[in-house]
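The values are calculated or read from the model by the stated rules, or taken from the named source; none is laboratory data. Because the structure is a prediction, the values reported are computed rather than measured. Positions of Cβ are generated from backbone atoms using ideal geometry, with glycine treated the same way; all protein chains shown enter the neighbour counts. Note: areas computed on protein heavy atoms with side chains; ligands, DNA, RNA excluded. Shrake-Rupley method; radii C 1.70, N 1.55, O 1.52, S 1.80 Å.
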Amino acid sequence: MRITIITVTYQAAAVLQRTLDSVSRQTCQDIEHLIIDGASKDDTVKMAKAYQEKVPYPVIIQSEPDHGLYDAMNKGLHKATGDYLVFLNAGDTLHANDTLSTLNGKMPTSSPPQQGEPEGVAPAVIYGDTAIVDSEGKFLHLRRLRPPKQLTWRSFKHGMLVCHQAFYVRTDIAQQEDYNLQYRHSADVDWCIRVMKRAEEMRLPLVNTNTILADFMEGGNTTQNHRASLKERYQVMCHHYGKVSTMVMHAWFLVRQLFR
């Protein structure tokens, strides 16, 4: 199956190369790589073009002003033509050289349905674990929130248990759910929940690979905007799970932190 990797960039020359290298080293190269840039003034686009010229798979570069991270992600979302897509932004990397080969091995043999065909059995989401790495790409630890054995949209009531970079979505499903631009830091949480709700409505499975799929660089956008992100996540959870349930769960989070 072809995987569309979407990389959103802005002034990302300092960290982009590690992302490009991790994709180019994949043993499975049935890839489409979309690089959606926000009109960077540094060498980001130059680096992307150099990468585009040397890899055997299609690389599409779009550089223009946008209205923030999630606006750029929506642009990439609707350009994707692969069977599945994943967001791997500047500084993030695929965990190993055979990550996409491993992912393909977890997929059923049947493909997502073509337009006008009945629903297939291909899972709506394929997910896995995430490693936290330092600025040099060295392993620090596994992400504190770990994927459950069986993920559902209700799972995120306990936090974002699957990192966005380890959440592969069937493209035909993903393109039915735009990122909500009212959120500046946590639209990814809302989007993942809505995708999983749609999967449940379609009675499609979510498949756990039981392996590490992504490396996430410590100090990303959410970390840098921690307070605003937490406030937005609370709003997202209230919307999807109800205010009472969310208040009870956050009280439990607080107690757990106090007694760790």
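Things worth noting here:
- Unmet requirement for Arg2, which otherwise passes all of (1) open to solvent by less than 30 Å² (accessible area, probe 1.4 Å); (2) touching a residue at least 60 places away in the same chain (Cβ under 8 Å): (1)
- Wholly within the range 148-242, helices (runs of 4 or more DSSP H) carrying at least 3 residues that are open to solvent by 20 Å² or more (accessible area, probe 1.4 Å) and under 20 Å from Thr7 (Cβ atoms): 221-224
- Cβ separations smaller than 7 Å between residues 6+ apart or across chains give the following pairs from the range 11-27 residues that are part of a helix (DSSP H, G or I) to residues that are open to solvent by 30 Å² or more (accessible area, probe 1.4 Å) and among the small types (Gly, Ala, Ser): Arg18/Gly137.
- Verdict on Ser155 being of a type in the set (Gly, Ala, Ser) and free of Cβ contacts under 8 Å to residues at least 60 places away in the same chain: yes
- Residue match in the range 110-123 (condition: modelled with pLDDT of 90 or more and over 13 Å from the mean Cα position of the chain (by Cα)): yes
- Leading residue by the ranking (farthest from Thr211 (Cα to Cα)) among those in the range 95-109 that are open to solvent by less than 60 Å² (accessible area, probe 1.4 Å) and at pLDDT below 80: Pro108
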